[in-house]
Each structure stands twice: as C-alpha cells, then as structure tokens.
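The structure appears below as structure tokens.
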Amino acid sequence: MIYRWSAPGILFLMMTNTLRCAIIEDEPLAQELLEKYVRRVSSLEHAATFDDAIVAYDQLPAIHPDIIFLDINMPEMTGIEFLRAYPTPHPAVIVTTANPNHALDGFDMGVTDYLLKPITFDRFLKAVGRAREKMNGTSQPVSAAVTAENVPVLSETVTSSDFIFFKTDKKLEQVHFDEIVFVESLGDYIKVFLSDRFLVTLVTMKKLCETLPADRFLRIHRSCLVQLRYIRTLEGNTVITTSGQELIIGPNYREEVKLALKKWLIS
C-alpha cells in the first residue's frame, strides 16, 4: 500500500495561489507520471498519493487537497464509487481513465475534467487550468471568458472562422475544427470525439452538418460524421480513423464517401 504526503509548511501558507494535489491511482507508472507533472508546475504542490481509494477516503479530509486526480478502475472501490461516497462539497476532481465512456458518469457528479490515458503534459495543464477557473468562479480564463450570457447563441452552437462553441454542462466550450475527429448522434444529442476527450451536447446531427465546413467533414452514416483528415483507411464498408476507431458506412452514404475520397486517390 502506498501512502505519501508532504505536510504544508510556512511557505505554503504564504502562497495562496498554490494548489495542493492528491493522487488516487493504483498503477505505479501512472502515479509516477502524475507526480512528475505536479512537480513541474511551480503553483502545484504534491500533497499525497494513494493506491487504495478506501484509504484515500479515510485520510484525505485531514490533508485538505485542492485537486484530486482520481483513477476510475481500481480494486475494492472504483473512482465512481469514491465520488458517490465522498462528502460534498469536495475538492476539484480530475478523473484519469483509459476508457472515455467513464467520463459521462463523472460529469454527472461534478467532475471538473477528465484525462484520457496516456496523459500528455499539455492536457494535464489544461485540466489544472479548468480546476483553477472553477475555484475562481469562472468557466473560462478571465482574458477570454465565454458564458451563455455574453455570447450570442445560434441554437446550441456558435460558429466563427475556424472554431465552434458547444453548450455543455451550462457553459459554452470553444472547439477548433482541427480538434474534431468524428461525431456520433445520440438521438437529440451528439457526442463529439476530439483527439483527447469527447463532449456531449444537445444539438441534432443535421444542424451540426449545416454548421461545419462541408469540404472538411464527411457524413458516412445518418448517425456519424468524420473529419477527412482523420480518415486513415477505407476498408469495405468501414472507415478507420487515425486513432483506430472503426466507423461503419451506412448503405445510403457509400457512394458519397467513395466520391469524396476519390478526389485524393492516386492510381
């Protein structure tokens, strides 16, 4: 069992911008990586690392972390079970997981952000920034604040030259077109898969298709849209993205897909 912490000293008490971080993660390599990332940021302090969520549940209140990095798949008590049991209001929680499907459960319980393994340093910094914004009472950096009150909304999205705003969890989130790998329809909702995460928002696939640039995105199914640059392979009736997802081409879209890809075909 691992249980390490650094007690807050006089220097910490004077540095009000320093955020104390606790890590709940049972994979040694993931622990080491997160600790390394925390040490690289001067405004963060490593307060504790646990490989057991039950021990963390018992010990964390005395440690007073500002941010908890929480793994989902752990023995005895999962990250989701930990969140359900932990008293509210709890510190900012950043979920770490290898399975993006776990994120929806986490967001229902007030998770600030989630990091998809393997975790990159730039994505780590972005998650920490969101935690700091949440603690400061802002949903975006102060220099570029975006809220439902000060941005005109076109249905559930707002567009500009190379980005779009999605309404998620009572806020508007800016996404550049280059970030969108593919989109799946979930009835009246859409699930937008980005290179490192996904978003779920209330808007129809038809409305999104009308909004995104037609020369960059290709509809391959009534419930699926993919960005051309992220298509790695076309095999039979399946599109394989550069990140390995296999997407089925609908019968009514097969000719359209072939014609679209034929423009770049060298034969």
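Summary table below
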| read-out | value |
| --- | --- |
| Residue that is farthest from Ser195 (Cα to Cα), among those in the range 214-228 that are in contact (Cβ under 8 Å) with a residue 24 or more places away in the chain and charged (D, E, K, R) | Arg222 |
| The range 105-143: number of residues that are in a loop (DSSP other than H, G, I, E, B), touching a helix residue (DSSP H, G or I) at 6+ places or on another chain (Cβ under 6 Å) and at pLDDT below 80 | 1 |
| Glu173 being farther than 27 Å from Tyr114 by Cα and either in a helix (DSSP H, G or I) or under 16 Å from the mean Cα position of the chain (by Cα) (or both) | no |
| Boolean, Glu81 is among the acidic types (Asp, Glu) and buried (at least 22 other Cβ atoms within 10 Å of the Cβ) | no |
| Filtered residue count, the range 36-48, keeping only those that are of a type outside the set (A, V, I, L, M), more than 20 Å from the chain's Cα centre (by Cα) and within 16 Å of Leu115 (Cβ to Cβ) | 2 |
| Selected residue (criterion: modelled with the lowest pLDDT) from residues of the range 54-104 that are in contact with an Asp or Glu (Cβ under 7 Å, 6 or more places away or on another chain) and assigned to a helix (DSSP H, G or I) | Ile80 |
| Flag for Ile231 being more than 20 Å from Gln174 (Cα to Cα) and either under 22 Å from the mean Cα position of the chain (by Cα) or surrounded by fewer than 14 Cβ atoms within 10 Å (Cβ to Cβ) (or both) | yes |
| Selected residue [touching an Asp or Glu at 6+ places or on another chain (Cβ under 6 Å), in the same structural domain as Thr168 (by TED's automatic domain parsing) and in a strand (DSSP E or B)] from Ile240, Ile220 | Ile240 |
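Quick grid of which residues meet (1) surrounded by 12 or more Cβ atoms within 10 Å (Cβ to Cβ); (2) modelled with pLDDT under 95; (3) out of contact with any strand residue (DSSP E or B) (no Cβ under 6 Å at 6 or more places or on another chain):
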{"position": "Arg4", "(1), (2), (3)": "yes, yes, no"}
{"position": "Gly9", "(1), (2), (3)": "no, yes, yes"}
{"position": "Thr16", "(1), (2), (3)": "no, yes, yes"}
{"position": "Arg20", "(1), (2), (3)": "yes, no, no"}
{"position": "Ile23", "(1), (2), (3)": "yes, no, no"}
{"position": "Leu29", "(1), (2), (3)": "no, yes, yes"}
{"position": "Leu34", "(1), (2), (3)": "yes, no, no"}
{"position": "Val41", "(1), (2), (3)": "yes, yes, yes"}
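The values are calculated or read from the model by the stated rules, or taken from the named source; none is laboratory data. Note that the structure is a prediction, hence the values are computed from the model and not measured. FYI the Cβ positions are ideal-geometry reconstructions off the backbone, even for glycines, and counts take in every protein chain you see.
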